[in-house]
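The values are calculated or read from the model by the stated rules, or taken from the named source; none is laboratory data. This is a predicted model, so every value here is computed, not measured. FYI the Cβ positions are ideal-geometry reconstructions off the backbone, even for glycines, and counts take in every protein chain you see.
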Amino acid sequence: MEDFKSISVTRKKGDKSLKIVNPTSYKLLGQGMQGAVFQLTSQRCVKIFASEKQARKEIKLVKEDLDGLPFVPEIFDTGSNYIVMEYLRGVTLEAYLKEKRSLNESLTKQIVDLVKEMKRFNKTDIEIRHIFVTEEGVLKKIDHGSRGAVKPRKAVPHKLFRMLDKLQLLDIFLKQVKEIDFPTYSEWKRNARFK
């Protein structure tokens, strides 16, 4: 097995783009502001951070605060600038809903549970591109950032609502939330404008 530690992910100060040097055959799965993710095996991938400081923050968050939560991929190993985690087979929530054009109660419940759990970390307005639906229909959240990078708490997940509205699924989602978790529905209704 090749050594993923030979992969270099860096960013020059003030530059938003990453510089990736990958002397291995590991496939690049994606990259964001903090780092890049490579597939190691059919079950594992590694996120390599451009900043050791950011790596420490995210590692602390997933090990101490998010450990054991059902929407967090399993963590196998960590280092000064990487996290080896479960490789997720699936698609983003947005891609899933675009294809299915429907929303079942199981998925709605998982979305509500995820939003409520992330609210504890002032991250109610979840990034849709960071939510995956696995082949088994289970929601998993990637790219957790850190407590130091949180934005002020919002009472309503506006980005989620916008995406669902664009897909014409917001009404069915809210109807299901009202039935599944009336207190959350009431809080959202008080703090947002929707039909």
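Descriptive notes on the structure:
- Filter result for residue 139 (at pLDDT 90 or above, in contact with a helix residue (DSSP H, G or I) (Cβ under 6 Å, 6 or more places away or on another chain) and either not small (Gly, Ala, Ser) or not assigned by TED's automatic domain parsing to the domain that holds residue 67 (or both)): yes
- Pairs, first assigned by TED's automatic domain parsing to the domain that holds residue 113 in segment 163-187, second of a type outside the set (S, T, N, Q) and not in a helix (DSSP H, G or I), C-beta under 6 Å, six or more apart: 169/103; 172/103; 173/103
- Matching residues in segment 1-33 - criterion: being in a loop (DSSP other than H, G, I, E, B) and in contact (Cβ under 8 Å) with a residue 40 or more places away in the chain: 7, 11, 32
- If you go through segment 1-35 and pick out every residue that is under 19 Å from residue 87 (Cβ atoms) and either among the polar types (S, T, N, Q) or modelled with pLDDT of 90 or more (or both), you end up with 17.
- Scanning segment 1-58 for residues that are over 18 Å from residue 130 (Cβ atoms) and touching a His at 6+ places or on another chain (Cβ under 9 Å) yields no hits at all.
- Verdict on residue 69 being hydrophobic (A, V, I, L, M, F, W, C), touching a residue at least 24 places away in the same chain (Cβ under 8 Å), not in a loop (DSSP other than H, G, I, E, B) and not assigned by TED's automatic domain parsing to the domain that holds residue 113: no
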